[in-house]
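Chemist: Dropping the structure in here first, questions after.
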Amino acid sequence: MADKSARRPGNVKGTWYVDSSCIGCGICASTAPGIFALGDDGQALVIRQPETSDETKIAAQAQDDCPVQSIGDDGE
């Protein structure tokens, strides 16, 4: 489970985030490229918060697929 206290500083403000446990596998960026991207350091970031129910479903799929559970959506 993602840790909001370890939220990476490059995430855009909003409920979805990637924490510092990210290993940079790129699954989230491949699954939801408009929501997630790999930063210059190779770790993922939320670049835009999901705005529609379809985008939220795709972001949730990326969250489910994350092998280290680095993606959070707990409102912080």
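Since every read-out is calculated from the coordinates, none of them should be taken as a lab result. Keep in mind the model is a prediction, meaning the values are calculated, not measured. For neighbour counting, all protein chains shown are included, and Cβ atoms are generated from backbone atoms with ideal geometry for every residue, glycine included.
Chemist: Taking the Cβ of Gly34 as the centre, find all other residues whose Cβ is under 12 Å away and add up their charges (Lys, Arg: +1; Asp, Glu: -1).
Modeler: Residues close to Gly34 contribute a combined charge of -2.
Chemist: Another question, if that's okay. In deg cm²/dmol and to the nearest 500, what is the mean residue ellipticity at 222 nm of the chain if only DSSP H runs of at least 4 residues count, each as -39500 (n - 2.57), divided by the residue total?
Modeler: Dividing the helical sum by the residues of the chain leaves -6500 deg cm²/dmol.
Chemist: If you don't mind, there's one more thing I want to ask. Under a Cβ-only charge scheme (Lys and Arg +1, Asp and Glu -1), can you give me the dipole magnitude of the range 4-72 about the Cα centre, in debye to the nearest 20?
Modeler: Roughly 240 debye for the range 4-72.
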